Amino acid sequence: MLIIGDKEADAVRDVIKSGKMFRYHEGGQCDRFEKRWGEYLNTKFVSMTASGTNALTAALAGLSIGPGDEVLVPALTYMATPIAVLAVGAIPVLVDVDESTCMDPIAMEEAIGPRTKAAIPVHMWGQPCDMRSIMRVARKHKLLICEDACQAVGGGYQGKKLGSIGHVGAFSFNYFKNMTCGEGGAVVTNTRAIAEKVKCMVDPCSFYWKGKGTWRPFVANGARASEFEGAIMNVQLDRLPSMLKKLQAQKKRILKEAAKTNLKLTPTHSPDDECATCNSFLLPTEKQAQEFATLAGGGIMGKTGRHVYLNWDPIFDHSASHHDALNPFKFKENKGCRMTYTEDMCARSLDILNRTVMIGNHPSRKALEVTAIIKRIKDAAKTVLG
Ligand SMILES: Cc1ncc(COP(=O)(O)O)c(C=O)c1O
């Protein structure tokens, strides 16, 4: 969470006072946010969801991913990314990240097999993937791209907004994200056929309220957003551009000073467009990374638990459903898919992540606080690297 306050509280109070708490009420807050978020991203279709996990699942369904398909996911992401693949009946195949800590386009291309239908590049910690290379690989191999922009809400890549570059994009608005309403998410796309399937996934009964459109409704779980989510998100969107500007300025100042030391900065693909929610550094050894993190007040990326593939127990255990008959790992259609997960399968990612130190940024930080962080980084770098 970056900033939230009275304006959001007022917006929620207004919804309660209006009595219009259902998202299909005319002139509602969700409709307004969907329109505005589409304008911000330059995408035609936006569907709000109850969470980022719902958004990813609906996005993959929108791409018609299902049993018999493999989907490439990076070794570093929240477990919701591979979970969404399994939720639509397909099988996640793990791919190494590179020093940018995002999916390595070379490893992505090497991982493509006869069953691979899609890939989910994840813009981790607000840093964009190398989308130019990823889209080149996708075009060459006819892969569908679902951007997981859950950790990079509002960020960009070479002049485009994250989430708008692939065939479909997914966002989370949970507590930890750049814009938040506690829990929430959205799917974005420029393709009507994808958008219609997504809408049905998000609310299979929506045709009662919104008409049938051109897509024949199908059965799905549903993950409709509430008007409270819409109301808060409209205020959060007002705040977003200035918050990101502050984060970018803070990161630039910190990295400019860090570059004067012997530290190696984590490469970023579009420094002027990224969210700048954290600064990261690649140390020569794990021991030095640990020492630097302790002295500079940072965290080791490889020790962030749930984000590292080693901790995705249900995936490793093939526990992909409450019921055996619904478990994609047991589907006959998935027999030819690669589904063995081992601890050393992405050893290169582990090596990079265990040597990468992150130090977070915050838009409310005062100039003097940033000066103190810079001093800590410089002192730590001198002690550890000379
Ligand atoms: C990269 C990534 N993908 C997906 C999700 C899932 O979002 P949610 O928690 O809103 O379901 C998260 C949430 O932290 C995430 O970080």
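The values are calculated or read from the model by the stated rules, or taken from the named source; none is laboratory data. These numbers were taken from a predicted model, which means no experiment stands behind them. When we count neighbours, we look across all protein chains shown, and the Cβ atoms used for this are built from the backbone with ideal geometry, even at glycine. Side chains are part of the model used for accessible areas, which takes the heavy atoms of the whole protein and leaves out ligands, DNA and RNA. Shrake-Rupley method; radii C 1.70, N 1.55, O 1.52, S 1.80 Å.
Here is how the numbers come out for the structure above:
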| item | result |
| --- | --- |
| Conditions (1) assigned to a loop (DSSP other than H, G, I, E, B); (2) out of contact with any helix residue (DSSP H, G or I) (no Cβ under 8 Å at 6 or more places or on another chain): number failed by ARG224 | (2) |
| In region 164-183, the residues that are more than 12 Å from the ligand (Cβ to nearest atom) and either in contact with a His (Cβ under 9 Å, 6 or more places away or on another chain) or among the hydroxyl-bearing types (Ser, Thr, Tyr) (or both) | SER164 |
| Residues (open to solvent by 50 Å² or more (accessible area, probe 1.4 Å) and among the polar types (S, T, N, Q)) located in region 1-50 | SER18, GLN29, ASN42 |
| Residue check, MET79 under 25 Å from GLY222 (Cβ atoms), within 16 Å of the ligand (Cβ to nearest atom), in contact (Cβ under 8 Å) with a residue 60 or more places away in the chain and surrounded by fewer than 22 Cβ atoms within 10 Å (Cβ to Cβ) | yes |
| Which numbered condition ALA55 fails, given (1) assigned to a helix (DSSP H, G or I); (2) open to solvent by less than 10 Å² (accessible area, probe 1.4 Å); (3) over 30 Å from LEU353 (Cα atoms) | (3) |
| Residues of region 138-158 classified as away from the ligand (no atom under 12 Å from the Cβ) and open to solvent by less than 10 Å² (accessible area, probe 1.4 Å), total | 6 |
| All positions within region 82-93 that are surrounded by fewer than 22 Cβ atoms within 10 Å (Cβ to Cβ), away from the ligand (no atom under 14 Å from the Cβ) and among the aliphatic types (A, V, I, L, M) | none |
| Test for LYS161: is it away from the ligand (no atom under 15 Å from the Cβ), without any contact (Cβ under 8 Å) to a residue 60 or more places away in the chain, of a type in the set (Lys, Arg) and open to solvent by 10 Å² or more (accessible area, probe 1.4 Å) | no |
